[in-house]
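Report on the structure given below.
The values are calculated or read from the model by the stated rules, or taken from the named source; none is laboratory data. Nothing here was measured: the structure is a model prediction, and the numbers come from that model. Cβ atoms come from the backbone with ideal geometry, glycine included; neighbour counts cover every protein chain shown. Remember, those area values only see protein heavy atoms, side chains included, never the ligands or the DNA or RNA. Shrake-Rupley method; radii C 1.70, N 1.55, O 1.52, S 1.80 Å.
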Amino acid sequence: MNAPPPSILPEPFNRLHSWAHVQPWLSRFTLMNRLLLAMAFIPTGLVKATGQRFTQLPVDNPVGFFFEAMYQTGPFWYFIGLCQIVAAVFLLIPATATLGAVFLLPIAFSIVLITWGIGFGGTVYVTAVMLLSAIYLVCWDADKIYAAGVKLFAKREGPKLLEGATVIEKSAWITGGMVGIGLLLTTRGFIPTSLRVELFFVGVVAFLVVIASWIHLAVKGTRQARSTAADS
């Protein structure tokens, strides 16, 4: 039997993942899952990407009403189909199979919620199996995904977004962001609309502080550049 490949996964997932990757039957099971998911998503994705309706059920049926509403969105309907096709094709290419599994996971999850929510009969069980298949493929490539995540979120040296900012400027950014969210929350009733004027006033003050900080930094940078040029 082949030696287990090295893995960077934390224990106890490391040993289980390494064991699974040296099992020939699991390798073939993985290939079968990729093929079946690709066969499931490419045709349905083509239906949407080519502008066709997904079902002929009437709009007085909850399922027919839902898919007709999505069909009428136009560009969004095409986009859904394109995403399904791209994710399925990625699954068929060894170099992009991991990316395909990552793309298909949220797609499969959303389909389960849709079929469950609109009462799509026994189809929900079929979509649940598809979701389990996508989860399995993500687990199969967990080492690659984990390594990509570690690299993506690794601490990098470089300029910070608010490098050199004063406490006043940082406070203005935080205040402005919170005020913006607060104003949007008033439109949905989460914050009383009577507070809009006060929130708007605070937001204007925070905005002016940020603008003043930008101007100060620009002037300071120009002076430093001139000083450096004069010294040279």
How high is the relative contact order of the stretch 19-157, in percent, counting Cα pairs under 8 Å that sit 6 or more residues apart? 23 percent
Return the inverse of the average 1/r over all pairs of distinct C-alpha atoms in the stretch 42-123, which is the Kirkwood hydrodynamic radius, in Å to one decimal. 13.4 Å
Placing +1 on the Cβ of each Lys and Arg and -1 on the Cβ of each Asp and Glu in the chain, which of 203, 17, 116 has its Cα farthest towards the positive end of the resulting dipole? 203
Round to the nearest 10 and report in Å² the accessible area of residue 171, as given by a 1.4 Å probe over the protein chains' heavy atoms. 60 Å²
The stretch 100-232, Rg to Rh (Cα coordinates; Rh as Kirkwood inverse mean 1/r): 1.23
Pairwise label distance in nanometres, residue 222 with residue 193, each label 7 Å out on the Cα-Cβ vector: 4.5 nm
The stretch 73-182 - charge dipole about Cα centre, Lys and Arg +1 at Cβ, Asp and Glu -1, debye rounded to 20: 120 debye
What angle, in degrees between 0 and 90 and rounded to the nearest 10, separates the Cα long axis of helix 196-231 from the longest principal axis of the Cα atoms of the chain? 70 degrees
Quick one: dipole size for the chain, taken about the Cα centre, charges +1 on Lys/Arg Cβ and -1 on Asp/Glu Cβ, in debye to the nearest 20. 360 debye
How far is helix 75-92 tilted off the main Cα axis of the chain, in degrees rounded to 10, range 0 to 90? 60 degrees
Over 25 Å [Cα-Cα, the chain], rounded percent: 65 percent
Please list 91, 152, 161, 131 in order of solvent-accessible area, largest first, computed with a 1.4 Å probe with all protein chains present. 161, 152, 131, 91
